[in-house]
Amino acid sequence: MEYEDLSRPFWFIVTGQYLAINYNGSDFEIRRGHHGRGSIFHLSDDEEQIIHKNAYIGFLSAHPDYEDDVFYISKDTKYLNKDAKWTDNIQEAIEVQIEPVGEDYGDAEVSVPQEISNPIIDENNPISANGIDLYYPDKWFSLYAITGDSLWLGDASEFESKLCFAGNPYNFGMGFQLFKHEGKTRIFCRNDKYLTVMMDGEVAQYLDEACKQHTRFTRCSRCMRCWSVGFSSEPEECFSLVPKGLPSMFALYDGLCYYRFNALKGSYAELERVESIDRASIFQFVG
């Protein structure tokens, strides 16, 4: 233990549920509430063991479909279930994710989020990874791309009017509010802009004359993939959050194409259009 770095504190999220995970000194406890009101844990340097107050208390076991993004809490070949009991049956285990707290933070220095008495407005609405209705009034969310490599990297931000993902934890990125509009989702950002479908001006100037007459919704093999997700000061397009994966996960669809996480450098990524949902990346929001 004395050699562990302990520089990456985190909270557990129970995927798709409004629950907080605590540790009482001898075992885990799970109660209804915002996950940020749970205990703060640390991860061992090998990213396998769970640490609480300088003691090893369990293991992170990777989910077979979402390795490095979704986990099970395990101990002595057993798994933690929703009643905070240990079970041999992995099908009964809770699926957990991680929200980083930030480097060099201690329990006393972290602000405690407010509880929400009724986190679900409508059972038909999409939900965040931590079980909050995505259309909850005045609620801000972080965008999390499920890529198997973006837990500690991938904060959403604006660069040259495009939505990009940089080299900090996902919850360090800009906040988003979501609104239902004509059966789709309008996404407002902390920079007082809206997410929209856009084309980089430098790309547009090299299009042939026929493509210059096309719109973002023209099905053209030469130019339809030149569009991406960016920002607009006025509400324009709405998106559809098409369920893909676990209940809080979705593919982003603009009415013509889906979007895939495209890592251009080690700490920089953009979104690119793809026609098939099978090739689309999975996203979720955390509130």
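Amide H to amide H under 5 Å from Val229: which residues, 5+ apart in sequence or cross-chain, H placed 1.01 Å off N in plane? Residues meeting the amide H criterion: Leu163, Met198, Leu271. Compute a Gaussian network model of the chain, connecting alpha carbons closer than 10 Å, and tell me which residue from Leu271, Leu43, Leu207 fluctuates the most. In this elastic network of the chain, the residue with the biggest mean-square fluctuation among Leu271, Leu43, Leu207 is Leu207. At q = 0.11, 0.12, 0.14 Å⁻¹ the log10 of I(q)/I(0) for the chain amounts to -0.67, -0.78, -1.02, computed by Debye summation with a single uniform scatterer per C-alpha, solvent ignored. Here the Karplus curve 6.51 cos²θ - 1.76 cosθ + 1.60, taken at θ = phi - 60°, turns the phi angles of the stretch 54-69 into couplings of 6, 10, 6, 10, x, 10, 9, 9, 5, 5, x, 9, 9, 4, 6, 10 Hz, with x standing for Gly and Pro. For the pair the stretch 2-27 and the stretch 131-207, the centres of their Cα atoms are 26 angstrom apart.
Every number here is computed from the coordinates shown, using simple stated rules; none is lab data. Everything quoted here is computed from the prediction, not taken from an experiment.
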